[in-house]
Amino acid sequence: YVAAVYEHESILSPNPAVLVERRSALELMGRNLDIYEQQVLAAARQGAQIIVFPEDGIHGFNFTRSSIYPYLDFVLHSHSGQWNPCREPYLFNDTEVVQRLSCMALKNKIFLVANLGTKQPCEHTDPQCPADGRYQFNTNVAFDADGTLLATYRKHNLYFEYAFDTPPEPDYTFFDTPFAGKFGMFTCFDILFFEPAVNLIRQYNVKQIVYPTAWMNQLPLLSAVEFQQAFATAFNVNILAANIHHPTLGMTGSGIYTPVKSFIYHNMESYGGKLIVAEIPVITTDYKTNLESNERFRENLHDSCRTFTSTLLDDEVCLEEQEETPGRVSEKANEQSPPSFYAEMMYDNFTFVPVWGEKGELQVCANTLCCYLNYQRAVLTDELYALGVFDGIHTVHGTYYVQACALVKCGGLSFSTCGQEVTDATALIDFQLWGNMSTPYIFPLLLTSGITLDFADHTGWKNNYYFISKNRTSSGLLTAALYGRWYEKD
């Protein structure tokens, strides 16, 4: 099917904390919706069957609970699909924004997904009802090609959004399309948590995801395009991800992702929006089948292993022999093991070892997690790389349990620069990285120079170790990592 996502540079309120009239709120949102309208037309002309817009794209951000109120539409939260705001504009008050979105879908005969702020009155008999008598939600809406409101999703994992409420329970939202079956929906920070994102995919066997986001990039492990791709790979889903474009706030990075190919946009240099249109295959195999085929893939591993190792390593490193393999490797590695050191990366205290020389075998451990690396550089460059491990609770900008094994390029040549944000690299490194992860939820990250993506030759489990291998990156290596989320320990 043909999908479109639009990275939007939103027109923002100069003073989001100031209370304004509904009229001027509509005027500001109307300017953003005018841009949406042009993009829907452009996407439809290129044959797109569905288009996705970013989080906060219509109203912006940094509101207080009261200052956002004039920007909120009234949208009934239901999965009924009975209301067509374009054709029935008078059913409810304060629905100007959804009406416009509905009309864009209808006029261009395209499925449309957008994010807006919504309000819902509540009774004080409801124990969760806020003091001001209303819920305010960060909401995605999906319309069919006829303009009918198909589904709403209220963001569950708010990221310091004091204007909004968390819904009483997680929404598992999906909608049906004639061209690609079921699409699931969640928003931005949700992608890092079990509820509702992972549960939605597992329980409802969703294969396509629409994902509005307003993501501030954080290198080396949580750049938008890097993590969006890793999520598509980990869960064997297609993701249509639309991000906001505000380079001064570190916000860019949208794409249309399949588990094996991506069409991305990441641009910190220029201003204005970007429309991405791509044709991608519908995914039909479910997540469980995918896990089983992973099993089969593990069985066949030694064949591919030989081709990988013939140029690079002796066979045992490819984990063909049984569980002791990493132990054997580590004894060898310890003979001349480089010094370990600590450095802060992503606000976490990682334990690192430097990656010196043109080839080698390394290991580094923290808590129960040990990470192993075999590497060979095509050409020795004067860049410092390090292998890092972190196994613990991440506490800055959200609290969640991470198990990570990461090969990263350091910011400079001293150990203290490891973990810094780096965007360019020249070293081409063949590697196999693996760890004895305690969670089945591993996101394989592979980021190359200029914030571009590459795809691993192999990823998967072998004897309780998860591994990622790559024979030659397409350009200099920035990050190769296994980012594990141990949801139960959050």
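The values are calculated or read from the model by the stated rules, or taken from the named source; none is laboratory data. Please read these numbers as outputs of a predicted model, since none were measured by experiment. Ligands, DNA and RNA are stripped out before the accessible areas are found, and what is left, the full protein with its side chains, is counted by its heavy atoms. Shrake-Rupley method; radii C 1.70, N 1.55, O 1.52, S 1.80 Å.
Between segment 119-163 and segment 36-111, the alpha-carbon centres lie 14 Å apart. Return the whole-Å distance between the Cα centroid of segment 223-269 and the Cα centroid of segment 451-490. Here the answer is 16 Å between Cα centres. Note on segment 341-489: with neighbouring protein chains present and a 1.4 Å probe, carbon and sulfur make up 49 percent of its accessible heavy-atom surface.
Just to confirm, what accessible area per residue do you get for segment 341-489 at 1.4 Å probe, in whole Å²?
On the way: 5100 Å² over 149 residues.
Value returned for segment 341-489: 34 Å² of accessible area per residue.
Taken per residue, the accessible surface of segment 1-146 reaches 42 Å², heavy atoms only and a 1.4 Å probe.
Split the accessible area of segment 2-285 by element, probe 1.4 Å, and carbon with sulfur accounts for 53%. The stretch between Ser66 and Asn349, if pulled fully straight at 0.36 nm per residue, gains 98.0 nm over its current Cα-Cα span. Distance check, please: which entries in Lys107/Lys274; Lys261/Lys470; Lys155/Lys489; Lys207/Lys489 exceed 24 angstrom between their Cα atoms? Check vs 24 Å cut-off fails for Lys207/Lys489.
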